[in-house]
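Below is one structure, written out as structure tokens, with a few remarks after it.
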Amino acid sequence: MTVKSEDLSVEVIPFNHFVTRKTQMASKAHKILVLHGHGQSAEIIKPKTRYVRDVFSTLSDGIKFEFEYLSGVLPAYPDADDPQDQRVWGYGEPEGDKIKGLDISIRHILDALDQNGPFIGMIGFSSGAAMTAIVTSILEKRRTICDIPWKTHHPQLEFAICLSGFKLRNQYYEAFYCPRISTPMFHAFGELDATVTPTQTEALALDCSYPWFYQFFGGHYVPQIKEYISFRHSLEYFLRNVLSFTAESLGSRGILKTLTPRTMCEGTFVHVQGWSQGTSGEVKVLTQ
């Protein structure tokens, strides 16, 4: 499958803040693939993830991150007209169905990674977050699983960010989640989300070796301006750890300094909550 240019939307962001990243990070733009939610497209999700991109601007001087937004290939309404701004990654209910078209969408994403990569990470919202977790797992396991042929040469990702993510609960897809996904994964979800409930996001996190949580008081949306201070602090700390930035710029905020994905035991949650301007917030470590 060839990824068409109209399926991709690209934004390059240079940063000019603080130098601590390893020298190899400064040599080129580092690509991040972004996946939309159900019934959306690359162009729809781009403005919704503005504040996610802004967090990357706090990381380091001289480093560029290039965000590529990928549209799905499946129409939201197969029997109607085919509007390009309404795409899905599959048809079916995640709590029990076998998802029709899932193999096509996975192949589409892997082709995008191969043709436009390498990418250091992925970001997904809702069903795009579910796909982010699945593709992250495939890149780790590096073999045919759930009848998805192993045909990519793309390396394992350094991180994944799942916004209102969930897992596919049909037993057929168990191999996506077992063994656990070892790539560090940041999970953000709204306490009031009725579309993808906190319980569904937590179920996905339980299948990750190094899950990080950010919970906010809101519904089914990507964190926006009212959550930005707390969201920025949480995601920034996650990224500085997994991308090997030093944490010295964060030391005055009272943020967790010693526990990183490389030292956490399997199944440990880093749960960052309660951030607000002028306070250090609270970091909870919850073990299963």
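Please determine whether any residue of the stretch 197-205 is touching a helix residue (DSSP H, G or I) at 6+ places or on another chain (Cβ under 7 Å) and not aromatic (Phe, Trp, Tyr). The answer is yes; a qualifying residue exists. The numbered conditions (1) surrounded by fewer than 20 Cβ atoms within 10 Å (Cβ to Cβ); (2) touching a residue at least 60 places away in the same chain (Cβ under 8 Å); (3) under 22 Å from Phe186 (Cα atoms) are all true for Ser57 except (2). Taking the conditions exactly as written (of a type outside the set (Asp, Glu) and under 19 Å from Phe231 (Cα atoms)), does Arg53 satisfy them or not? For Arg53, the condition - of a type outside the set (Asp, Glu) and under 19 Å from Phe231 (Cα atoms) - is met.
Residue by residue, here is whether (1) modelled with pLDDT of 95 or more; (2) within 18 Å of the chain's Cα centre (by Cα) holds:
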{"site": "Leu168", "(1), (2)": "yes, yes"}
{"site": "Val196", "(1), (2)": "yes, yes"}
{"site": "Tyr210", "(1), (2)": "no, yes"}
{"site": "Ile229", "(1), (2)": "no, no"}
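Under the condition of being modelled with pLDDT of 75 or more, β-branched (Val, Ile, Thr) and either in contact with a Leu (Cβ under 8 Å, 6 or more places away or on another chain) or assigned to a strand (DSSP E or B) (or both), the residues counted in the stretch 12-44 number 2. Selection within the stretch 45-74: residues that are β-branched (Val, Ile, Thr) and assigned to a helix (DSSP H, G or I). The member of this set that is nearest to Ile109 (Cα to Cα) is Ile45.
Here Glu140 qualifies as charged (D, E, K, R), out of contact with any helix residue (DSSP H, G or I) (no Cβ under 7 Å at 6 or more places or on another chain) and either surrounded by fewer than 19 Cβ atoms within 10 Å (Cβ to Cβ) or modelled with pLDDT under 95 (or both). Scanning the stretch 173-211 for residues being assigned to a loop (DSSP other than H, G, I, E, B), touching a Gly at 6+ places or on another chain (Cβ under 8 Å) and farther than 25 Å from Arg142 by Cα gives a total of 6.
Assess whether Phe213 counts as being under 25 Å from His108 (Cα atoms), touching a residue at least 40 places away in the same chain (Cβ under 8 Å), surrounded by 18 or more Cβ atoms within 10 Å (Cβ to Cβ) and among the hydrophobic types (A, V, I, L, M, F, W, C). Here the answer is no, as Phe213 does not meet what is asked.
Residues are listed down the side, and each one gets a yes or a no for (1) in contact (Cβ under 8 Å) with a residue 40 or more places away in the chain; (2) among the hydrophobic types (A, V, I, L, M, F, W, C):
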site	(1), (2)
Ala80	no, yes
Asp85	yes, no
Ile109	yes, yes
Asp114	yes, no
Pro118	yes, no
Met131	yes, yes
Ser137	yes, no
Thr144	no, no
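Contact map, the stretch 92-107: residues that are more than 17 Å from Gln200 (Cα to Cα) and outside any loop (DSSP other than H, G, I, E, B) paired with residues that are polar (S, T, N, Q) and modelled with pLDDT under 95, Cβ distance under 7 Å, separation 6+ or inter-chain. No pairs are found.
Across the stretch 115-155, the number of residues qualifying as touching a strand residue (DSSP E or B) at 6+ places or on another chain (Cβ under 8 Å), of a type in the set (Val, Ile, Thr) and not in a helix (DSSP H, G or I) comes to 2. Residue count for the stretch 206-224 under the criterion of being farther than 18 Å from Ile123 by Cα, in contact with a helix residue (DSSP H, G or I) (Cβ under 9 Å, 6 or more places away or on another chain) and not hydrophobic (A, V, I, L, M, F, W, C): the result is 1. Take the residues of the stretch 65-84 that are small (Gly, Ala, Ser) and touching a strand residue (DSSP E or B) at 6+ places or on another chain (Cβ under 6 Å): which is surrounded by the fewest Cβ atoms within 10 Å (Cβ to Cβ)? Of everything passing the filter in the stretch 65-84, Ala76 is surrounded by the fewest Cβ atoms within 10 Å (Cβ to Cβ). Within the stretch 156-172, the set of residues being in contact with a strand residue (DSSP E or B) (Cβ under 8 Å, 6 or more places away or on another chain) and not in a loop (DSSP other than H, G, I, E, B) comprises Phe159, Ala160, Ile161, Cys162, Leu163. With respect to Ser127, determine if the residue is touching a residue at least 12 places away in the same chain (Cβ under 8 Å), among the polar types (S, T, N, Q) and more than 19 Å from Val222 (Cβ to Cβ). Spelling it out, it is not the case that Ser127 is touching a residue at least 12 places away in the same chain (Cβ under 8 Å), among the polar types (S, T, N, Q) and more than 19 Å from Val222 (Cβ to Cβ).
The values are calculated or read from the model by the stated rules, or taken from the named source; none is laboratory data. Keep in mind the model is a prediction, meaning the values are calculated, not measured. Neighbour counts are summed over all protein chains in view; Cβ atoms, including those assigned to glycine, are modelled from backbone coordinates with ideal geometry.
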